[in-house]
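Enquirer: Mind having a look at this structure? Questions to follow.
The values are calculated or read from the model by the stated rules, or taken from the named source; none is laboratory data. Computed from a predicted model, the values in this text were never measured in an experiment. All Cβ positions, even for glycine, are placed from backbone atoms using ideal geometry, and neighbour counts span all protein chains on display.
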Amino acid sequence: MTSTETAPTETALAATHAPVTDYPVDDAVLDIRDLHVVPLAEPGREILAGIDLTVRKGEVHAIMGRNGSGKTTLAYALMGHPGYRVTHGEVIWKGLDILKLSPDKRARLGLFLAFQYPTAIPGLSVASFLRTALNARRRGLADGDGEIDPSDMTRGGIKMGEFRTLIRETMALLKLDDAFAARYVNEGFSGGEKKRLEMLQMAMLKPEFAILDETDSGLDIDALQSVGNSVNALRHSDEGKDIGFLVITHYPRILKHVPADLVHIMIDGRIVKSGGPELADEIERDGYDAVRDEVAATSV
Amino acid sequence: MSSGTIAGVTAPAFTPTAATLETAIAFLAQHPGHGGAVDAATRREALARYEALPAPGARPSRGWKYDYANLPFEDLSWTSDRRSVATSPFAAAAPPDASGADHPALQTASAGGLVHLGATLLHLRPAQHDMPEAASRRDARVVILPLADAAGAAEPALMRALDTIVDWRGDKFTALATAFQNCGAFVYVPDGVQLDEPIQLVFAGAPDDEAVFPHVVVVVGNGARATVLERHVGAGDPFVCGIVEAHVGEGAQLDYAVVQQAGEAARLMFTRGARCDRDGQVRWHLAELGGALARTVLAARLDAPGGRAEASALFFNTGTQHVDLLSGVDHTVGPTTSDTVVRSAATDRGQGRYVGNIVIRPKAHGSDASLRDDALLLSKRAHIDSIPALEIAANDVKAFHGATVGSLDEDALFYAGTRGIARAEALRLITLGFFEPVIARFPSEALRDEVRSALDRKLDDATELGA
Ligand SMILES: Nc1ncnc2c1ncn2[C@@H]1O[C@H](COP(=O)(O)OP(=O)(O)OP(=O)(O)O)[C@@H](O)[C@H]1O
Ligand SMILES: [Mg+2]
């Protein structure tokens, strides 16, 4: 098999268990510095125009902004979507500039994105997909290509029995039917089912930093409650107590289930205002124009 | 068969000429029970047809290497033989000198069958006829015979079906297969008999390269149910050109699966046809995995009400493999139904063509036909043509057709990436998933797993993926 990963630091990374740290590792869990991003399809158009954001251990940050303000682009850029190019800036995580890493390496370093529009993988069952993902995640950066050999336990494969128990328990927590595991990834899923599958993956992969891109959109009250439960179950678990969250949303209601430490307002690819949870209610009441006017008034 | 000899005489070099044919006819005259079910006059007529008929189809693409009008027949020999072997070919590692015949596939549980090494039928020692008897021991009523034996005994069920389903006069390669027929099998599952395990027909490549011309006839009686598994395994660079005829009785069901894992340089040209009586169902399953060139015609004729044909086929061309697949369902009366699903992929310099035909004739009212084919290209030099054709002459029918040709879904690769799955592994999962709709229809879990692992090995061997 060929690999098309080309980032320059990868060979160095692959060769060692301990990540090569380029930056001092401090308390900040995730540090986004002056991030500028263009889509490859339209390189002249800057979608993110300098994002600065620091999310510390255990914190929940919410990002709100109009349609098209650049929220998903930020999530994609953090995970390394091949359709976008970072023209300036860096993102430091565990002492590394993760922008140099392929998406799978970022994931194996503990990052996770719950997609706004999850992708279908026809013919691949949820169970096989998750088992492969879990094996990759558990092995971290130990092996450069991340390939697993399920028949070879010494190569880090999770035992089938252990996996079955884990997926069954996690699906029960999310009130997912057992038949879900045999279905093909996101194929023919309803909007709500797709969001629940994202939460199932998050709960099983136990990331250290999770971005939820409108996970609350299109969910009924019960599903919203179960998203809240899965986030909180993770936060209150031993592995998850330091997890950081970036919650992209249009609605303050998700923040009732997952209280945010800080709320950021994004307009045209910039964070123009940050504040406490009350900012979310303010937006709902007054709309984005009020923020825009206020920012315009103070910045001239 | 010690290699290259017929009963002590050196086997003639094969060329599709009268000279080879006359040698073959002379040999068969002295060796009753060899060959197949064709008489000398028919062989000569068939060779004349072969010479007269045009080669099928133009070259599908620029990268296509083979010209059917000028296939080289170098270093091939023609033989027809029988040989005793000490152990059941299904028990252990089958014919010891056929590399590739130790394939785990040959140990699949089965309801019996026949094994050919090249055009040599392998018998279980000691008695000449132990093999078919042992093979059919699970149900004494089932007949599994070398075609020559069944023809020699003028088995009534064979005589009713032979040459009635595939018209060998219609195609250059079926004419060639008839002229030089040198092995074959007759499978008969009587009325009402339901077999749980497959009957296996194994064609293993002989170490020295042979021209092999099998003719298989399968008759499934009224209300009977059976699975036939045709396997191609082994080494060598054989040229295998054959005919399969399947007759499915009233309310009967036949699953006919082909798992083609012939040697790297093998060329295989097969025409397989089925006919279904009232409420009879045929399900073709085809996995073209090996060989250098495979041309397959998969046909079904539904000429009694309630008949149903399913065809599920896949190929994955790596290296310089070429596969040419033509499927056809002919709805002559209604109501009859058919469902065709094809998944093909190619990488490296792999070349493929799929031609899918559905004909619904004027009397086929109330029929329902569906044809779906999807192709996946994994490298820039790989090529797959997809040419579906629906011809509908009846009213009040349902016909569906859909086709796609695409490359790897980058969004799916990214999605898997965000779950920690490296590109190469994601590519493997996505590609295997692409074939799953066809694999899922194969008639047993063991067979499905076998096809999955074979595809997985092909992915490992491919040099360019998702370029
Ligand atoms: N690949 C691309 N090519 C061209 N334009 C793009 C591309 N991706 C995003 N954009 C544009 O960038 C802007 C930001 O898109 P993005 O998806 O990040 O918005 P968003 O804030 O997530 O919106 P929503 O609330 O609707 O989800 C939009 O105007 C969008 O059309
Ligand atoms: Mg968005």
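Enquirer: Can you tell me how many residues in region A:124-151 are closer than 11 Å to B:Ile421 by Cβ and at pLDDT below 50?
Expert: 4
Enquirer: Any residue in region A:103-116 that is modelled with pLDDT of 95 or more, within 16 Å of ligand 2 (Cβ to nearest atom), part of a loop (DSSP other than H, G, I, E, B) and more than 8 Å from chain B (Cβ to nearest Cβ)?
Expert: Within region A:103-116, one or more residues are modelled with pLDDT of 95 or more, within 16 Å of ligand 2 (Cβ to nearest atom), part of a loop (DSSP other than H, G, I, E, B) and more than 8 Å from chain B (Cβ to nearest Cβ).
Enquirer: How many residues are closer than 25 Å to B:Pro60 by Cα and small (Gly, Ala, Ser) if we restrict to region B:388-405?
Expert: 3
Enquirer: Given the condition more than 14 Å from chain B (Cβ to nearest Cβ), away from ligand 2 (no atom under 16 Å from the Cβ) and out of contact with any Asp or Glu (no Cβ under 8 Å at 6 or more places or on another chain), answer yes or no: does some residue in region A:198-215 qualify?
Expert: no
So that you can scan it fast, the table gives a plain yes or no per residue for (1) under 18 Å from B:Ala313 (Cβ atoms); (2) surrounded by fewer than 22 Cβ atoms within 10 Å (Cβ to Cβ):
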position: B:Ala345; (1), (2): yes, no
position: B:Gly356; (1), (2): yes, no
position: B:Ile360; (1), (2): no, no
position: B:Leu408; (1), (2): no, yes
position: B:Asp411; (1), (2): no, yes
position: B:Ile430; (1), (2): no, no
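Enquirer: Looking at region A:67-89, I want the residues that are closer than 18 Å to A:Ala107 by Cβ and within 14 Å of another protein chain (Cβ to nearest Cβ) and have a partner that is more than 13 Å from ligand 2 (Cβ to nearest atom) and polar (S, T, N, Q) with Cβ atoms under 6 Å, at least 6 apart or on another chain. Which pairs are those?
Expert: A:Met79/B:Thr418
Enquirer: Same structure again: Select, from B:Ala426, B:Ala403, B:Ala369, B:Ala399, the only residue that is of a type in the set (A, V, I, L, M, F, W, C), free of Cβ contacts under 8 Å to residues at least 60 places away in the same chain and assigned to a helix (DSSP H, G or I). Outline the logic, then answer.
Expert: Working: B:Ala403 fails: assigned to a helix (DSSP H, G or I); B:Ala369 fails: assigned to a helix (DSSP H, G or I); B:Ala399 fails: assigned to a helix (DSSP H, G or I).
Every option except B:Ala426 fails the conditions.
Enquirer: Every residue in region B:191-230 that is in contact with a helix residue (DSSP H, G or I) (Cβ under 9 Å, 6 or more places away or on another chain) and modelled with pLDDT under 95, please.
Expert: Those that are in contact with a helix residue (DSSP H, G or I) (Cβ under 9 Å, 6 or more places away or on another chain) and modelled with pLDDT under 95: B:Pro198, B:Ile199, B:Gln200, B:Val202, B:Ala204.
Enquirer: Also, quick follow-up: Exactly one of these conditions fails for B:Leu302: (1) buried (at least 22 other Cβ atoms within 10 Å of the Cβ); (2) closer than 30 Å to B:Ala346 by Cβ; (3) of a type in the set (A, V, I, L, M). Give me its number.
Expert: Unmet for B:Leu302, out of (1) buried (at least 22 other Cβ atoms within 10 Å of the Cβ); (2) closer than 30 Å to B:Ala346 by Cβ; (3) of a type in the set (A, V, I, L, M): (2).
Enquirer: I've got another one for you. Condition first: under 30 Å from A:Leu130 (Cβ atoms) and within 14 Å of chain A (Cβ to nearest Cβ). Can you find one or more residues in region B:380-399 that meet it? Steps first, please.
Expert: Within region B:380-399, the subset under 30 Å from A:Leu130 (Cβ atoms) is none.
No; the residues of region B:380-399 include none that is under 30 Å from A:Leu130 (Cβ atoms) and within 14 Å of chain A (Cβ to nearest Cβ).
Enquirer: Go through region A:253-269 and give me each residue that's of a type outside the set (A, V, I, L, M), in contact with a strand residue (DSSP E or B) (Cβ under 6 Å, 6 or more places away or on another chain) and farther than 11 Å from A:Val60 by Cβ.
Expert: Taking region A:253-269 first, the residues of a type outside the set (A, V, I, L, M) are A:253, A:256-257, A:259, A:261, A:264, A:268-269.
From what is left, the residues that are in contact with a strand residue (DSSP E or B) (Cβ under 6 Å, 6 or more places away or on another chain) are A:261, A:264, A:269.
Across region A:253-269, the qualifying residues are A:His264, A:Gly269.
Enquirer: Suppose we filter region B:239-250 for residues that are over 30 Å from B:Arg278 (Cβ atoms) and over 15 Å from the mean Cα position of the chain (by Cα); how many remain?
Expert: Restricting attention to region B:239-250, the residues satisfying the condition of being over 30 Å from B:Arg278 (Cβ atoms) are B:239-241.
Subset that is over 15 Å from the mean Cα position of the chain (by Cα): none.
Residues flagged as over 30 Å from B:Arg278 (Cβ atoms) and over 15 Å from the mean Cα position of the chain (by Cα) within region B:239-250 amount to 0.
Enquirer: How many residues does region A:216-263 contain that are in contact with a His (Cβ under 8 Å, 6 or more places away or on another chain), β-branched (Val, Ile, Thr) and within 16 Å of ligand 2 (Cβ to nearest atom)?
Expert: So the answer is 1.
Enquirer: Mind checking which residues of region A:74-102 are within 16 Å of ligand 2 (Cβ to nearest atom), among the hydroxyl-bearing types (Ser, Thr, Tyr) and over 12 Å from the mean Cα position of the chain (by Cα)? Break it down into steps so the answer makes sense when it comes.
Expert: Step one: of region A:74-102, the residues within 16 Å of ligand 2 (Cβ to nearest atom) are A:74-79, A:81, A:83-84.
Right, trim to among the hydroxyl-bearing types (Ser, Thr, Tyr) and you get A:76, A:84.
Result: A:Tyr84, single match.
Enquirer: May I pose another question? Just checking, how many residues over region B:11-64 are part of a loop (DSSP other than H, G, I, E, B), loosely packed, with under 15 Cβ neighbours inside 10 Å and aliphatic (A, V, I, L, M)?
Expert: Residues in region B:11-64 being part of a loop (DSSP other than H, G, I, E, B), loosely packed, with under 15 Cβ neighbours inside 10 Å and aliphatic (A, V, I, L, M): 2 in total.
Residue-by-condition table, conditions (1) within 26 Å of A:Tyr184 (Cα to Cα); (2) at pLDDT 95 or above:
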| site | (1), (2) |
| --- | --- |
| B:Arg361 | no, yes |
| B:Asp374 | yes, yes |
| B:Leu390 | no, no |
| B:Asn395 | no, no |
| B:His401 | yes, no |
| B:Gly406 | yes, no |
| B:Asp411 | yes, yes |
| B:Phe414 | yes, yes |
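Enquirer: Among strands (runs of 3 or more DSSP E) lying entirely in region A:244-300, which contain 2 or more residues that are surrounded by fewer than 17 Cβ atoms within 10 Å (Cβ to Cβ)?
Expert: Output list reads A:270-275.
Enquirer: Further question on the same structure: What's the number of the only condition in (1) within 14 Å of another protein chain (Cβ to nearest Cβ); (2) within 16 Å of ligand 2 (Cβ to nearest atom); (3) of a type in the set (Gly, Ala, Ser) that A:Ala41 fails to meet?
Expert: Result: A:Ala41 passes all but (2).
Enquirer: Can you tell me which condition A:Ile63 does not meet? The list is (1) farther than 20 Å from A:Gln201 by Cβ; (2) surrounded by fewer than 23 Cβ atoms within 10 Å (Cβ to Cβ), and all the others hold.
Expert: For A:Ile63, the exception is condition (2).
Enquirer: For residues that are part of a helix (DSSP H, G or I) and β-branched (Val, Ile, Thr), scanning just region A:164-220, find the one that is nearest to ligand 1 (Cβ to nearest atom).
Expert: Looking only at region A:164-220, we keep the residues that are part of a helix (DSSP H, G or I), and these are A:164-173, A:178-182, A:191-205.
If we keep only those that are β-branched (Val, Ile, Thr) too, we end up with A:165, A:167, A:170.
Details: A:Thr165: 36, A:Ile167: 30, A:Thr170: 27 Å.
In this case the residue turns out to be A:Thr170.
Enquirer: Using beta carbons and a limit of 8 Å, which pairs, at least six apart or on different chains, have the first residue in region A:244-261 and more than 16 Å from A:Ser69 (Cα to Cα) and among the hydrophobic types (A, V, I, L, M, F, W, C) and the second one assigned to a loop (DSSP other than H, G, I, E, B) and more than 14 Å from ligand 2 (Cβ to nearest atom)?
Expert: A:Phe245/A:Glu59; A:Phe245/A:Val258; A:Leu255/A:Pro277; A:Ala260/A:Pro277
Enquirer: While we're looking at this one, here's another question. For B:Gly356, indicate whether it is closer than 30 Å to B:Asp461 by Cβ and not in a strand (DSSP E or B).
Expert: Numbers: closer than 30 Å to B:Asp461 by Cβ: yes; not in a strand (DSSP E or B): no.
Spelling it out, it is not the case that B:Gly356 is closer than 30 Å to B:Asp461 by Cβ and not in a strand (DSSP E or B).
Enquirer: Which of the residues that make up region B:305-332 are free of Cβ contacts under 8 Å to residues at least 60 places away in the same chain and surrounded by fewer than 21 Cβ atoms within 10 Å (Cβ to Cβ)?
Expert: Passing the criteria: B:Pro305, B:Gly306, B:Leu326, B:Gly328, B:Thr332.
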